[in-house]
1. If you keep only loop residues by DSSP, which trypsin sites (Lys or Arg not before Pro) in segment 100-155 have at most 14 other Cβ atoms within 10 Å of their Cβ?
2. Counting other C-beta atoms within 10 Å, and keeping those with at most 14, which DSSP coil trypsin sites (Lys or Arg not before Pro) do you find in segment 1-55?
3. Are any of the pairs K99/K124; K73/K100; K7/K100; K124/K159 more than 30 Å apart by Cα-Cα distance, and if so, which?
4. Where in the chain is the longest stretch that carries no GluC sites (Glu not before Pro) classed as loop by DSSP and with at most 15 other Cβ atoms within 10 Å?
5. How would you rank 76-84, 151-159, highest first, on the average number of other Cβ atoms within 10 Å across their residues?
6. Which percentage, to the nearest 5, of the DSSP beta bridges contained in the chain is antiparallel?
Amino acid sequence: MEQALVKEGSSWKVLNASISGETTAGGISRLPTLLQQKRPGLVMIELGANDALRGLPLSETEKNLRNMIVISKKSGAKVLLIGMQIPPNYGREYTEQFKKIYPRIAKTEGVVLTPFLLAGVAEKPELFQEDRIHPNAAAQSILFKNVWGSMAPYDALLKERTP
């Protein structure tokens, strides 16, 4: 991401604040401090899959994602919400309801949405590590393109404002 920003003439830096296995509850607890310390211009939120894999209530996931967006926007940051989906073995109802969370939040909160981070990857087992959950190195360029393709609305922000 940072290499692509430099190529585009941006002086922005990328901070990866993710923690493997993070839930939305963990994200919301850490976000205020990160916003205060780092003062980002753009926050990318890609959480929720671990909530679903643990079978947590979808209402909590949605509430936490929404709150992360609200506090990010209050800090002055723009937000890119990155959608996830879960395997169908969690039941049709739960799987479908989970999938609907991201577009609903993006619409009501007025933020840009990457519909599904794993688009072009999820259906290809060879692009996953042995755990069949985490994408491998070969998948990274596809994941990057999925996110980068959603960033067009922020082109002016990334080119005009120096962090």
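All of the numbers you see were taken from the coordinates with simple rules; none came from a lab. What you are looking at is a predicted structure, and each value in this text was computed from that prediction instead of being measured. Ideal geometry is used to build each Cβ from the backbone, glycine not excepted, and the neighbour counts take in all protein chains shown.
1. Answer in residue order: R132.
2. When the trypsin sites (Lys or Arg not before Pro) of segment 1-55 are filtered for loop state and at most 14 Cβ neighbours within 10 Å, K13, R54 remain.
3. Checking Cα-Cα distances, K7/K100; K124/K159 exceed 30 Å.
4. The reported range is 9-122.
5. Top to bottom by mean Cβ count within 10 Å: 76-84, 151-159.
6. Antiparallel bridges make up about 10 percent of those DSSP assigns within the chain.
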